[in-house]
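The values are calculated or read from the model by the stated rules, or taken from the named source; none is laboratory data. Treat the numbers as computed from the prediction; the structure is a model and nothing was measured. Neighbour counts run over all protein chains shown; Cβ positions are idealised from the backbone, glycine included. These accessible areas exclude ligands, DNA and RNA; they are computed on the full protein's heavy atoms, side chains included. Shrake-Rupley method; radii C 1.70, N 1.55, O 1.52, S 1.80 Å.
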Amino acid sequence: QVQLVESGGGLVQAGGSLRLSCVASGSIRRIDFMGWYRQAPGKQRELVAGITNGGSTNYADFVRGRFTISTDNAKNTLYLQMNNLKPEDTAVYYCNVLVVPHAYWGQGTQVTASS
């Protein structure tokens, strides 16, 4: 079992920045993938950014150039640096960890960018 605790969400004005953190704990032997997803009201959950255990990253087109995903493996922590936030980035952001074949989710953290 893997437990995930997210933090760092909040309310900012459009153009502002936030950094999300996700700390993983539990029976962690090897993490295959870590990612951030988001879900806005009335919409499906979507991938924002991901990073593999080899360090390869991928970003959704709508955040590329504004958001940066990174990890601190010593602390089992995943980060998402979000710059130039837009009102359309408003959503609940979820941390996801894949330990094949299991997927784990955090409880979510609200991010609101006001216009």
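Couple of notes before you dig in:
- Of the numbered criteria (1) more than 12 Å from the chain's Cα centre (by Cα); (2) farther than 20 Å from residue 113 by Cβ; (3) in contact (Cβ under 8 Å) with a residue 40 or more places away in the chain; (4) exposed (fewer than 15 other Cβ atoms within 10 Å of the Cβ), the one residue 5 fails is (1).
- Whichever residue in segment 59-115 is aliphatic (A, V, I, L, M) and part of a loop (DSSP other than H, G, I, E, B) and, among such residues, is nearest to residue 3 (Cα to Cα): 100
- Residue 55 vs. criteria assigned to a loop (DSSP other than H, G, I, E, B), at positive phi and modelled with pLDDT of 95 or more: no
- Looking only at segment 70-114, and only at residues there that are aliphatic (A, V, I, L, M) and open to solvent by 10 Å² or more (accessible area, probe 1.4 Å), the one that is farthest from residue 41 (Cα to Cα): 74
- Across segment 35-50, the number of residues qualifying as touching a strand residue (DSSP E or B) at 6+ places or on another chain (Cβ under 9 Å) and either at pLDDT below 95 or open to solvent by 20 Å² or more (accessible area, probe 1.4 Å) (or both) comes to 8.
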